Every structure is written in C-alpha cells, then in structure tokens.
Amino acid sequence: MMRQNMNKVAQIKVDESTKLFPYVFGLKSSCGNCSKRWKPKLIYLLLFSLISSCFVFAPQLLYFPYPSSLFLIEIENRVSETDIESPKTSQNDESISCDRNGYRSDICFMKGDIRTHSPSSIFLYTSNDLTDHVLQETIKPYTRKWETSIMDTIGELKLMTKDVKVSGDKHKCEVNHDVPALLFSTGGYTGNLYHEFNDGLIPLYITSKRFNKKVVFVIADYHRWWEMKYGDVLSQLSDYPLIDFNKDKRTHCFKEAIVGLRIHGELTVDPSQMQDATTTINEFRNVLDRAYRPRINRLDRQEEQRFHARVAKRRKAHRPKLALFSRTGSRGITNEALMVKMAQRIGFEVEVLRPDRTTELAKIYRAVNSSNVMVGVHGAAMTHFLFMKPGGVFIQIIPLGTDWAAETYYGEPAKKLGLDYIGYKILSRESSLYGKYDKNDPILRDPNSITRKGWQFTKGIYLNDQKVMLDLHRFKKVLVDVYAKSIS
C-alpha cells in the first residue's frame, strides 16, 4: 500500500514538474521531437521523484502514533524492565545522596551494602566505579539545623564509600537486617517535653510512616530513660529493637538507610508533604491513642475495682472535666486554688496535674484524653494538647511578652488538631511584673519592643521572671462560656 501511494505521488510530481519546469528536464512543449528527448532524462526524473516522495512521507513515518513508532517505544520499555529486574547490582543501586534544602533539617539516603561503624561513621561498600573518588557526606541528624548553639552539641556522622575489595574484611557484617535503618539523634533539647515531640517523635513518625513499622531505629546520643518514657509510642512505629549507635560496636548491615528526620513545622504534620498526601496530625494522635490505650484500660479496671462507689458516682454526675496543668516557679498561677474552686462552682470536675520526669506518660494521657477542657499557662506542658480528643477545648493562658510563641508553638497546632482553641492574654495587672515596673515602662506597656531585642530578653524577663495572678472575674466569663458549650 505504501509503495502504491509513493508511485502515485511520484507520477503526480512528474506530471506537474514537466509542466511547470520543462527546461529543467530538457523538454519543450513546442518541440516536435519531445519523445526522443524524454528518454535520456528518465533517470533524472525518477531520482527527483524519489527525493520528493521522501520529503512528503518523512513526517508521517516519524510521527509517534504510527504503529512502527509504537513498536520501537515498546521495545525500549521492555529493555528497561529487563534491566530493572536484573539480579546484578548497578551503580544506581548503590548511592549516597543528601537533601539539604530544608531550613530545619538535613536528610541523607543510602542504598547498597551499608555497614555501621560506631560511633561516627556509616560505610557504603561497593566494587563499582564510585570508589574512583571516595564519596563522603557529613550530617548531624537533628531537626534544629538553623540553631547553631544546639547543633554544636550533636555529633557529626560521616557517610562514605569504601572499596569492598580493599576494606571488606575489616568490617564484616555481624548483624544482618532485612529492613531499612533510620538513624537520628535524641540529643539536643531532649528532656523538654515540647522538643521531645516537636523535634523527635513527630518527625520520626513523618519519616518512618511509609515503612509501616518495617524499619530499625538507630539512635545517636541515646538515652535509656527516653526509650523507657516513649517505648509504647516507639512500638507503634517499629517492630524492631532500638540500636544504640554510640555504644553498640557491632557492625550492623543494611540494604537501605535514612539518616536524619523530616520535620514539617511546629507540632504538626503537613499532608501536602506526606507520601499519601492525606496524613495529618490527627493520625499521629491516633498513634498515641493506640500506644496508651491498653495501659489506660488496665488503669480503668484497677480504679473501678478499688473505688467502685466513687467511679459509679462520677459516671452518674457526668460533669464536664477540666484538666489544669499546674506550674510552680515562673509562670505559675498565684491564685490557682481560687481558680480551681471557681471552676468547680461553675460545674466542672477539675483534675490538677503536676507531672514530673517520673510521671508515667500513660497516666497523663488518660487524664487529658478524658477531659473536655485543658487549661494551662504557656510553656512546654502545653504540648499535652496532643493528648486531647478532637473537639475538646484548649485554653492557653498567655503571659506578657509570650504572644507570638504561644500562638506559633501551641495555638495554631491545636487548631490543626481540631481543638477549640482559646488564647487568654493576661492584662498587665494580672502579671507579677506589674508590681516591679512602672506602669509606663515598655516591659508592661509595649512587650513587643522588648522581645524584638532578642531571645535573652524574652527569656530573662517574661519567661523566667513572671508569674500570673488571674483576674477571676474576667477569667470566669471564659469558663462559663466553655462550660455552656461542654454541656450543650
């Protein structure tokens, strides 16, 4: 069919060419001896026709929708699939790459024959051309990259290639793992509840979620107490025992490793940055619930057995519950006892919480999760809003000079969790600073002008040297409104 079309086009070209350009072909329409002069030019005519037909059909022959082109694409695809399924390891399967674009953290990825070398290195063994130039990356696997002072306390790790033919016998595998490793640091601000969640647990959830618990956590700057405190949560993120990277001198071998954690913001999970594009901070809260629910159920049964009458009376009363986080020292509420009595008179069942480092986290989770309202002065303890059920009310009492931090670190994240957030900003007369400074002093009149001077001013004046004496008449209006919503 193609040849027939070409012949037709060639004939058309000959006819048109001989009419339009007779002298080019040695023809003259007025010549009486044209038939004799035509034959010597036949070869040239056929050559011109062939060239013309090539120009006509070349675009069609190269255009992709035609079957011949699709066949070529299909062959290329088959070749690629064969390469992917090949049991041989290619250079692309052995790699070290780092993403350093994040403001909050760096993260590195390793694939291939990966071997730990405690306490400061992870090696990628290869026999490929990667070893023509030793590839080395360094990283501090902690999520406060911009904060130089704290990052100086985090140990630096070296990720580097090694020639297996030269160095393979020096670091033989002692423990082989068939799941990836995720290495991060629990140094830095670990010990502060806010940072333990914001810098550690939530980024750990974000980074490890895609592995569906089939991942080994390798921890630099490991603390035994940290594992004891958060063991229930960690068991929801990994099916495997933790590895203390600094002290475990054995060579652990992996096929894949991630060094560092992703972080999305303050106490939050950004679904647009998640692999499934749907995961939110509520899914992290569900992880907490699964982690602590078994223990909470046991505590409930024990309490019912010991205080059957009291539990029955409480259930019958069915009063809205208010959990108050009490502070001593800076930012403590000096008239807290009066505030508690006022809340009880309004109709709340009040539970005052004073957790310390030895308090079992499951018990705190139980108290907050069963509450309708949580109240507290701005500080790390406000991180416990993560334990509340969506729809609960979170009242944060905001001392002078802490507006931005209170809203950024707790207010906005609480809204994302689905809580009804209320920021109660104290007046200058509700601050202990009111008795220390003149009423026209910028410390009272314009706290922003002081906080703009830097963190040390904010910390020294507003965080470490301020207490709160609530205007109970003013605060009562807030509690009455919240109570009305709680019973409606």
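The values are calculated or read from the model by the stated rules, or taken from the named source; none is laboratory data. Model, not experiment: these values are computed from the prediction. As a convention, Cβ positions derive from the backbone with ideal geometry for all residues, glycine included, and neighbour counts pool all protein chains shown. SASA here: full protein model, heavy atoms, side chains in, ligands and nucleic acids out. Shrake-Rupley method; radii C 1.70, N 1.55, O 1.52, S 1.80 Å.
Can you tell me how many residues in the range 251-268 are open to solvent by less than 40 Å² (accessible area, probe 1.4 Å) and either over 20 Å from the mean Cα position of the chain (by Cα) or closer than 22 Å to ALA181 by Cα (or both)? Total satisfying the criteria: 11.
So which residues in the range 397-409 are in contact (Cβ under 8 Å) with a residue 24 or more places away in the chain and either open to solvent by 10 Å² or more (accessible area, probe 1.4 Å) or not in a helix (DSSP H, G or I) (or both), if there are any at all?
Narrowing the range 397-409 to residues in contact (Cβ under 8 Å) with a residue 24 or more places away in the chain: 397-406, 408-409.
Answer for the range 397-409, where residues must be in contact (Cβ under 8 Å) with a residue 24 or more places away in the chain and either open to solvent by 10 Å² or more (accessible area, probe 1.4 Å) or not in a helix (DSSP H, G or I) (or both): ILE397, ILE398, PRO399, LEU400, GLY401, THR402, ASP403, TRP404, ALA405, THR408, TYR409.
In the range 414-446, the qualifying residues are those that are in a helix (DSSP H, G or I), open to solvent by 30 Å² or more (accessible area, probe 1.4 Å) and free of Cβ contacts under 8 Å to residues at least 40 places away in the same chain, and the one that is nearest to ILE202 (Cα to Cα) is LYS415.
Being open to solvent by 20 Å² or more (accessible area, probe 1.4 Å), assigned to a loop (DSSP other than H, G, I, E, B) and out of contact with any Asp or Glu (no Cβ under 9 Å at 6 or more places or on another chain): is that true of GLY191 here?
yes
A single entry from PHE385, PHE394 fulfils the requirement of being open to solvent by less than 10 Å² (accessible area, probe 1.4 Å), free of Cβ contacts under 8 Å to residues at least 60 places away in the same chain and assigned to a helix (DSSP H, G or I): PHE385. Please verify whether the range 272-280 includes one or more residues that are over 11 Å from the mean Cα position of the chain (by Cα), buried (at least 16 other Cβ atoms within 10 Å of the Cβ) and either in contact (Cβ under 8 Å) with a residue 60 or more places away in the chain or under 25 Å from LYS111 (Cα atoms) (or both). Looking through the range 272-280, none of the residues is over 11 Å from the mean Cα position of the chain (by Cα), buried (at least 16 other Cβ atoms within 10 Å of the Cβ) and either in contact (Cβ under 8 Å) with a residue 60 or more places away in the chain or under 25 Å from LYS111 (Cα atoms) (or both). If you filter the range 350-361 down to residues that are surrounded by fewer than 17 Cβ atoms within 10 Å (Cβ to Cβ) and out of contact with any Ser or Thr (no Cβ under 9 Å at 6 or more places or on another chain), you find that the one that is farthest from ASP420 (Cα to Cα) is THR358. For the range 447-480, which residues satisfy the criterion of being in a loop (DSSP other than H, G, I, E, B) and either open to solvent by 60 Å² or more (accessible area, probe 1.4 Å) or farther than 12 Å from THR402 by Cα (or both)? Within the range 447-480, ARG452, LYS453, GLY454, ASN464, ASP465, LYS467, MET469, LEU470, ASP471 qualify.
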